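Asker: For reference, the structure I am asking about is given below.
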Amino acid sequence: MTVRRSDGRTVGRVLVVAAALLTAGPPDPLSAQRDTVRVTVLRVAQTRPDSARSMTRRLLASLSPQDSVYPGVLFTAGRIAADAANAATYLQRVVVEYGRSVWADSALVLLTQLYFAQGDPAATVQAAERLRLDYPDSPLRARADFWGARAYFDLKDDARGCPLIREALDGAGADVEFKNQVTFYASRCASATAAPPAAAPTAGDSQARPTPPAATYAVQVMAVKSAAQVDEMLTRLKVMGFDARVVRDTSGLFKVRVGRYASHDEAAQAQRRLKTRLGGQPFVVEEP
């Protein structure tokens with residue numbers, strides 16, 4: 001079975017990278033065995049996250065930080081962490097302590113998603129720009145560009161956000177879902193740079209009527225009062241590769257929603273995927 005990773009690569013790719021690391025030097029059956037355990041953790045995390053986290057802690061305790069497998073285990077710990085703070089700590093260790101490893105750019109992409117979900121656009125931008133600067137040839141650059149662009153938009157800095165969203169669109173490749181997400185935001189830049197001249201008011205109509213904003217759609221996964229439940233769900237959704245965020249309204253509930261889709265049909269497709277993978281009763285909502 002192939003499991004999709006949140007950064008767009010598969011566990012199959014993980015195994016190839018791990019094999020390359022292990023065969024770069026003298027054969028080490030023990031290291032190979034440990035990496036098999038790490039991949040097993042990912043499988044267990046899909047149904048028993050607490051058991052997977054316990055396995056990861058034991059694995060980190062048994063490995064030397066100099067072991068070539070160690071940064072991959074740290075990355076896995078970040079993916080399945082119980083809360084956002086622990087996830088960020090593990091992923092930051094990968095970036096800072098193992099910046100030359102094959103996991104560093106993946107960790108930065110997950111950090112951009114994590115920071116954006118937490119409503120911290122400044123940290124999102126910092127992580128995205130670091131990936132662009134330190135790993136310019138990374139196949140994950142388009143993903144980081146996308147989250148960096150959205151953070152710049154939240155900061156009302158379209159001048160920096162639009163170049164990133166164009167780069168993300170150029171690097172989207174054959175991933176149709178990702179390309180559709182990027183295209184939705186790219187239209188914002190197209191309208192900003194190529195806005196048509198305003199029509200002259202007609203006689204008897206001294207004020208132009210504003211065009212109502214286009215509605216977007218999202219999938220609501222849960223609505224709860226507990227921030228801890230929200231953090232756990234955001235982590236699960238990010239591990240699955242979904243663009244998740246939190247909306248809080250006057251009722252005081254934390255509403256976890258996925259995506260910003262241009263049409264109801266796109267949102268309905270995401271809703272079906274979420275129901276298959278998460279269960280429950282996710283539903284499509286319209287947002288202004």
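Asker: Under 17 Å Cα to Cα from Lys179, which aspartates and glutamates show up? Leave out anything in the same chain fewer than 8 places away.
Answerer: List returned: Asp7, Asp145, Glu167, Asp170, Asp243, Asp265, Glu266.
Asker: So, one more: Could the peptides 98-108, 53-63 be put in order, highest first, of the mean number of other beta-carbon atoms found within 10 Å of their residues? Could the numbers behind the result be given before it?
Answerer: Numbers: 98-108: 21.5, 53-63: 15.8.
Ranking the peptides 98-108, 53-63 by packing returns 98-108, 53-63.
Asker: Now, a different point. Restricting to Cα atoms and excluding each atom paired with itself, what does the Kirkwood estimate give for the range 52-127 in Å? Don't jump to the answer; show the numbers that get you there.
Answerer: Details: mean 1/r = 0.0804 Å⁻¹.
Result for the range 52-127, one decimal place: 12.4 Å.
Asker: Quick one: net charge around Ala87, please, counting Lys, Arg +1 and Asp, Glu -1 for every other residue with C-beta under 12 Å from its C-beta. Before the final figure, lay out each step's value.
Answerer: Details: positive: Arg53, Arg79, Arg93, Arg236, Lys238; negative: Asp83, Asp231, Glu232.
Local charge sum for Ala87: +2.
Asker: With θ set to phi - 60°, apply the Karplus curve 6.51 cos²θ - 1.76 cosθ + 1.60 along the range 82-94 and write out the HN-Hα couplings as whole Hz, x wherever there is a Gly or Pro.
Answerer: 6, 8, 5, 5, 5, 4, 5, 4, 4, 5, 5, 4, 4
Asker: Order the peptides 241-248, 120-127, 278-285, 139-146 from the highest to the lowest mean number of other Cβ atoms within 10 Å of their residues.
Answerer: Values: 241-248: 18.0, 120-127: 19.8, 278-285: 14.2, 139-146: 23.8.
Packing order, densest peptide first, comes out as 139-146, 120-127, 241-248, 278-285.
Asker: To continue, here is another question. Going Cα to Cα from Lys225, which lysines come in below 23 Å? Please leave out same-chain ones fewer than 8 positions away.
Answerer: Candidates past the 8-residue exclusion: Lys238, Lys255, Lys275.
Asker: Something else now. Tell me, in nm to one decimal, what length is gained between Asp170 and Ser54 on full extension, where the rule is 0.36 nm per residue of separation less the Cα-Cα distance? Spell out each step's value before the answer.
Answerer: On the way: separation 116, 0.36 × 116 = 41.76 nm, distance 4.06 nm.
Taking 0.36 nm per residue and subtracting the Cα distance, the gain is 37.7 nm.
Throughout, read-outs are computed from the coordinates displayed, never taken from laboratory work. Bear in mind that the values here come from a model prediction, so they are computed numbers and not experimental data. Cβ coordinates were reconstructed from backbone atoms using ideal geometry, including for glycine residues, and neighbour counts include every protein chain displayed.
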